[in-house]
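These notes are about the structure you will find just below.
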Amino acid sequence: MTPEAQLIAIAEACGWTDIHYAPEGDLRPSPKPWGKPTGISYSSPLPDYLNDLNAMAQAEQTLVGAQRWHYADLLAAQGDSDASGYYRAATATAAQRAEAFLRTIGKWDDAAKKGTL
């Protein structure tokens, strides 16, 4: 998946709506969830899920039940095979967490550009 597609999919899973490019060039949600923004009044940019561990920590909080186990298993399986699964999961980058998150919620597109896991 492209980085843009990953950002949009995670943002939508976290409840952001009407995501579009602002005149500043970054992705933003509509400040009015019920319709398109008027003029050039835009809210804050989307969180940088692919580079910010804090943003991914917030996204992870949306996982429930068995999703949490599946997500943890994906993180433990990636990376250096010489390290323990616990270490791999604990040290996963934001980009690795983003891919595991999208795979967990069924939004990862294997047909698109290959990711990091």
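Each value in this text was obtained by applying a stated rule to the coordinates, not by laboratory testing. Quick caveat, the model's predicted, so the values are computed rather than measured. With ideal geometry, Cβ positions are generated from the backbone for all residues, glycine too; neighbour counts draw on all protein chains shown.
The residues neighbouring ARG103, those whose beta-carbon lies less than 12 Å from its own, together hold a net charge of -2 under the Lys/Arg +1, Asp/Glu -1 convention. In terms of surrounding Cβ atoms within a 10 Å radius of their Cβ, TRP69, TRP108 rank from fewest to most as TRP69, TRP108.
Would you mind counting up the charge near TYR71? Only other residues with Cβ under 15 Å from its Cβ, with Lys and Arg at +1 and Asp and Glu at -1.
Net charge in that neighbourhood comes out at +2.
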